[in-house]
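Following: one structure in structure tokens, then a few remarks.
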Amino acid sequence: MTANGAGGPQKALWTVALSALVGFGAVYVIGGGLGNGGPEKSVTVAQEISPPKAEPSAGSSSKLGEMAAFVTKKTPEPLPDITFQDADGKDVKLSSLKGKTILLNLWATWCGPCREEMPALDQLQKELGSDKFEVVALSLDRKGYEESRKFLDELKATNVKLYSDASAKEGMALKLLGMPTTILINKDGLEVGRLAGPAKWDSDDAKKLIEAATN
């Protein structure tokens with residue numbers, strides 16, 4: 001898939017830089033604003049790439065294996081206190097989730113890599129979910145909560161906590177390069193680090209990462 005108007009040295013260098021950051025798998029790259037209608041309708045906005053395998057970037061975690069592409073903050077950093085909606089359409093602040101470690105997954109129903117990794121996220125919640133840890137799936141799909149819920153039900157991903165940001169503007173405030181993007185947030189509401197692209201979140205490496213952030 002090729003974005004209209006794409007090309008030139010600057011675009012090429014940007015894509016290579018992102019490939020090095022992601023390190024593996026496919027990711028829907030976000031260019032300008034998020035059209036949210038799926039790549040087939042917004043090819044000027046989202047481009048699916050399959051970057052080559054690469055060594056973790058200088059800022060990435062020293063952990064190897066499945067979490068090699070996880071980029072850890074030197075010091076946990078605050079995040080914008082974005083607002084999204086719950087199953088009843090009520091506004092929920094990100095800050096309201098303080099008190100437990102949160103794995104915040106930003107995704108959309110039209111994102112192929114998001115679909116691929118969701119079962120692993122659901123399994124992670126099933127195994128490690130508690131009053132200290134929760135997997136939160138924040139859909140940036142303009143179709144809203146109900147369609148996102150239907151999508152997860154079809155995947156039998158019923159354990160993750162679902163919220164929706166149909167405007168996608170709040171989610172974009174988290175400075176996404178593409179989807180899926182998963183952000184690990186500690187109990188104080190600070191970002192521990194993030195991973196751009198799909199990952200095996202039910203792997204032993206992922207569980208060790210979560211347990212280290214929770215303790």
- Under the rule rounded for a/c under 1.5, else prolate if a/b exceeds b/c, else oblate, using alpha carbon gyration tensor axes a ≥ b ≥ c, the range 150-192 is classed as oblate
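Take the solvent-accessible surface of the protein heavy atoms, probe 1.4 Å, and return the percent of it on the range 138-194 that carbon and sulfur atoms account for.
Values: 1170 of 2480 Å².
Exposed carbon and sulfur together represent 47 percent of the surface.
May I ask you to order 192-204, 148-160 by the average number of other C-beta atoms within 10 Å around their residues, highest value first? If you can, show how the numbers build up before the last one.
Working: 192-204: 22.3, 148-160: 16.0.
Ranking, from highest mean packing down: 192-204, 148-160.
Could you list, in their original order, any pairs among 93/169; 90/126; 132/187; 132/200 whose Cα atoms are separated by more than 18 Å? Each step should come with its number before you reach the end.
On the way: 93/169 14 Å; 90/126 25 Å; 132/187 8 Å; 132/200 21 Å.
Pairs exceeding the cut-off: 90/126; 132/200.
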- Solvent-accessible surface (1.4 angstrom probe) belonging to residue 179, in square angstrom, nearest 10: 0 Å²
- Nearest-10 value in Å² for the accessible area of residue 183, using the 1.4 Å probe: 0 Å²
- Roughly how many Å² is the accessible area per residue of the range 64-215, as a whole number, for a 1.4 Å probe? 45 Å²
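For the range 131-211, give the share of DSSP beta bridges that are antiparallel, in percent and rounded to the nearest 5; count only bridges with both residues there.
55 percent
The values are calculated or read from the model by the stated rules, or taken from the named source; none is laboratory data. Computed from a predicted model, the values in this text were never measured in an experiment. For neighbour counting, all protein chains shown are included, and Cβ atoms are generated from backbone atoms with ideal geometry for every residue, glycine included. SASA here: full protein model, heavy atoms, side chains in, ligands and nucleic acids out. Shrake-Rupley method; radii C 1.70, N 1.55, O 1.52, S 1.80 Å.
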